[in-house]
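Q: This is the structure I have questions about; it appears just below.
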Amino acid sequence: MTLTIRSAVFSLYLYLSLPPLNKALMKLNFCSLSSGSSGNCYYLGNEFHGILIDAGISATSIRKFLKNIDISMQTIMGVLITHNHIDHVKGLEVLTRRDSLPAFTTDKIRKSILTPQSKISRDCIRKIPLQEKFQLAGFDIEAFPVCHDAPETVGFHICAGGKKITIATDLGHICQTAAPYIKAANLLVIESNYDEEMLANGRYPRFLKTRIRSDNGHLGNQQASVFLAEIINENLSHICLAHLSRNNNTPEKALQTLQQIFSNKGIILNGQQQITILNRNIPADIIRLIE
Ligand SMILES: [Zn+2]
Ligand SMILES: [Zn+2]
């Protein structure tokens with residue numbers, strides 16, 4: 001009896017340890033753990049492995065949120081970093097040190113994170129090329145440049161199990177380089193940072209309002225919705241409006257703007273597209289791209 005149990009455990013271990021690169025994926029799940037100007041972290045994974053995109057909340061919260069959706073930290077193969085702002089790297093030092101998680105980003109972003117004050121070990125952040133595919137956890141991943149006020153900022157285009165996921169969370173406008181990656185997505189996470197009226201009438205100083213609205217700042221509800229109305233197609237099955245501002249936006253405003261602009265352009269959502277407004281401080285529902 002003992003032998004049987006041991007054999008079963010051993011077989012299970014072997015099964016879990018096999019690299020799934022040549023296996024057809026049985027599952028592909030996406031979950032936003034946190035999205036917004038207070039912290040960003042997204043999970044993408046199959047039944048074997050997963051990755052994180054950004055680590056802008058504490059490592060403790062990341063572990064807790066993953067555990068709540070039955071994801072073990074041991075299955076996370078690395079974290080992709082979009083840029084050096086604190087709402088994208090807050091938990092990175094602990095994740096790399098305590099959880100031995102490697103981070104992946106461009107050389108320029110790597111250098112911007114590894115300042116003399118940074119406690120992150122240099123070896124923990126690996127350089128990736130810009131606009132060239134690399135593999136992690138069996139996924140094909142490409143970083144593409146976006147316009148934002150950091151030394152460099154990227155979005156990520158990830159192909160897994162025949163599905164294409166694009167993440168573009170901090171961008172002042174949609175430049176020509178970024179547009180094709182956004183248009184190609186089946187699941188798109190796109191910034192919808194501020195409501196134009198709330199920002200104009202809000203208490204932010206003028207210089208900050210100008211910065212947010214600039215081509216290197218953040219994407220507003222109008223900008224995101226107008227672009228989405230242009231690119232919407234039957235392959236785009238999931239739209240996630242992301243990185244909402246705490247002070248200059250509400251989920252209702254972001255959704256209303258999208259609905260209004262779609263309606264003005266005669267776009268009728270017939271249930272083929274799932275639209276989600278990502279929560280600021282708590283995980284959103286899991287999106288099951290392949291069940
Ligand atoms: Zn941000
Ligand atoms: Zn930023």
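Rule-based calculations on the coordinates, nothing more; no lab input. All figures in this text were calculated on a predicted structure; none of them were measured in a lab. Positions of Cβ are backbone-derived with ideal geometry, glycine not excepted, and every protein chain shown enters the neighbour counts.
Q: Is there a quick way to get the dipole size of region 138-221? I mean about its Cα centre, with the Cβ of Lys and Arg at +1 and of Asp and Glu at -1; what is the value in debye to the nearest 20?
A: With only Lys, Arg, Asp and Glu charged at Cβ, the dipole is about 140 debye.
Q: Also, I was wondering about something else. Of the options 205, 290, 165, report the single residue whose Cα projects farthest towards the positive end of the charge dipole of the chain (beta-carbon charges: Lys, Arg +1; Asp, Glu -1).
A: So the residue furthest toward the plus end is 205.
Q: A further question on this structure: Treating cross-link reach as a plain straight distance, find the lysines whose alpha-carbon is under 30 Å from the alpha-carbon of residue 163, omitting any fewer than eight places away in the same chain.
A: Reachable lysines: 23, 27, 64, 67, 90, 108, 127, 133, 183, 253, 265.
Q: Just rank 207, 104, fewest to most, by other beta-carbon atoms within 10 angstrom.
A: Working: 207 8, 104 22.
Exposure proxy ranking, most exposed first: 207, 104.
Q: Note down the relative contact order for the chain as a percent, whole number, built from C-alpha pairs under 8 angstrom at least six residues apart. Don't jump to the answer; show the numbers that get you there.
A: Details: 610 pairs, mean separation 55.1, N = 291.
It rounds to 19 percent for the chain.
Q: Taking a cut-off of 34 Å, what percent of all Cα-Cα pairs in the chain are separated by more than that? Numbers along the way, then the final one.
A: Working: 8174 of 42195 pairs.
Considering the chain, 19 percent of its Cα-Cα pairs are separated by more than 34 Å.
Q: Compute, for region 41-118, the length of the dipole vector about the Cα centre, with Cβ point charges of +1 (Lys, Arg) and -1 (Asp, Glu) only. Units Debye, rounded to 20. Write down the numbers at each step before the final one.
A: On the way: 9 positive and 7 negative charges, 49 e Å.
My answer is approximately 240 debye.
Q: Between residue 196 and residue 269, 0.36 nm times their residue separation minus their Cα-Cα distance comes to what? Intermediate values should be presented prior to the final figure.
A: Details: separation 73, 0.36 × 73 = 26.28 nm, distance 2.41 nm.
This chain segment gains 23.9 nm when fully extended.
Q: Another one. When the convex hull of the Cα atoms of region 45-132 is projected onto a plane and the area is averaged over all directions, what value comes out in nm²? Mind showing how you got there, number by number?
A: On the way: hull surface 23.0 nm².
Computing the convex hull of the Cα atoms and averaging its projections yields 5.7 nm².
Q: With angles folded into 0 to 90 degrees, how steeply does helix 251-264 sit against the dominant principal axis of the chain? Use alpha carbons for both and round to 10.
A: The two axes meet at around 70 degrees.
Q: What dipole magnitude, in Debye to the nearest 20, does region 87-226 give about its Cα centre under +1 on Lys/Arg Cβ and -1 on Asp/Glu Cβ?
A: Dipole size: approximately 380 debye.
Q: Let me ask something else. Go through region 76-81 residue by residue and turn each phi into a ³J(HN,Hα) via Karplus (6.51, -1.76, 1.60, θ = phi - 60°); whole Hz please, and just put x for glycine and proline.
A: 7, 8, x, 10, 8, 10
Q: Over every pair of different alpha-carbon atoms in region 169-291, take the mean of 1/r and invert it; report that Kirkwood radius in Å. Don't jump to the answer; show the numbers that get you there.
A: Values: mean 1/r = 0.0670 Å⁻¹.
Hydrodynamic radius (Kirkwood, Cα only) of region 169-291 equals 14.9 Å.
Q: OK, next. With a point put 7 Å past each Cα toward its Cβ, work out how far residue 216 is from residue 119 in nm, to one decimal.
A: About 3.1 nm separates the two model spin labels.
Q: Pairs of alpha-carbon atoms within less than 8 angstrom and 6+ residues apart define the contacts here; what relative contact order does region 31-176 have, in percent?
A: Answer for region 31-176 is 16 percent.
Q: Over region 76-205, how many percent of alpha carbon pairs lie in each 5 Å bin up to the one with the longest distance?
A: 2, 10, 19, 21, 19, 14, 9, 5, 2, 0
Q: Okay, next question. Which whole-number percentage describes the relative contact order of region 201-291, with Cα contacts under 8 Å and a sequence gap of 6 or more?
A: Details: 60 pairs, mean separation 31.0, N = 91.
Relative contact order, region 201-291: 34 percent.
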